[in-house]
Amino acid sequence: LIQKILQTCCSFGRKSTMTPSPKENPKCSLLSSIGNVSGISLDNSDVSNEEDSSPSIIDSSDISIQSAQSQQEVREEFQSKARDFEYLLEEVTKMILDYYDECGRPTQTKICDSFGAPEDILRDLGPLTETAGTNEDCLRDIQVCFKHSLKTMHPFFLDKLYFGSDPIGQIAELISAVMNANTLVYHVSSVFSTMEVEVIQRFGEIFGFKKDSIEGIMNPGGTMSNTVALLLARNEHFPHVK
């Protein structure tokens, strides 16, 4: 498609006997734009304005792909973010592995190291400030979280609703946080939106719904799910109050 456009532009441009500058020549501007978008480097010397009855065909050997030269450098702020992420991930991983070790020795470790009162937790976290904290401040706060939180992966943690997560779920949460996709609309979350539809279809089949009538959304928890269920029941039986 690009080659056909280039041929057409060249044939149009050859009707002039003058040699305007690239700035004045709309053909040159168009060729430059096409080259920039497609990653193709075009030399203006290939664009002739002499009289010629036959259209000019640009030899493919004259078109060079400048992938190496046009490789854009990573912006400094993203390099800085990447360094911060790498450092924090390395330090937090150490804490998580310690957490695994403690949960794996249930007869020697407590379910919670220090189940403190709110004032104790606030004292350890420190006051809220208007200034940004450092990476070390962040790591210190994470340590406080581990210190005052229950070990939900501990074998003696027997809650009626939930238990600790597994490695796959933990990594999934990390990837979800990094990508920060919103399934509100497909064009900003194509993968997660597709996954949501597939999971809903599967659950609908498990509960005996007809495949062509299965619809739904995934919710963050039981409270939200119950709220949506109540709204659906109300709209079904009392449609005039929608």
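Couple of notes before you dig in:
- Peptide packing: for 127-134, 158-165, 81-88, the average count of neighbouring Cβ atoms within 10 Å per residue gives the ranking 81-88, 158-165, 127-134, highest mean first.
- Accessible area per residue, Å², the range 103-198 with all protein chains present, probe 1.4 Å: 77 Å²
- Accessible area per residue (1.4 Å probe, heavy atoms of protein chains only) ranks E215, E90 as E215, E90, with the largest value leading.
- FRET efficiency, Q108 to E136 (Cβ-Cβ, R0 35 Å, nearest 0.05): 0.70
- Long pairs among K94/K160; K160/K242; K211/K242, criterion Cα-Cα beyond 32 Å: K160/K242
- Peptides 147-155, 104-112 ranked from most to least packed give 147-155, 104-112, packing being the mean of other C-beta atoms within 10 angstrom over each peptide's residues.
- Using a probe of 1.4 Å on the protein chains alone, the accessible area found for D98 is around 90 Å².
- Carbon/sulfur fraction of accessible area - the range 165-242, other protein chains in place, 1.4 Å, %: 63 percent
- The solvent-accessible area of F78, taken with every protein chain present and a 1.4 Å probe, is close to 110 Å².
- Inter-part distance where the range 214-242 and the range 87-108 are each reduced to a Cα centre, Å: 40 Å
- By a 1.4 Å probe calculation restricted to protein chains, H237 has an accessible surface near 130 Å², given to the nearest 10.
The values are calculated or read from the model by the stated rules, or taken from the named source; none is laboratory data. In this text, all values refer to a predicted model and were calculated from it rather than measured experimentally. Cβ: placed from backbone, ideal geometry, glycine included. Neighbour counts: every protein chain shown. Heavy atoms of the whole protein, side chains included, go into the accessibility calculation; ligands, DNA and RNA do not. Shrake-Rupley method; radii C 1.70, N 1.55, O 1.52, S 1.80 Å.
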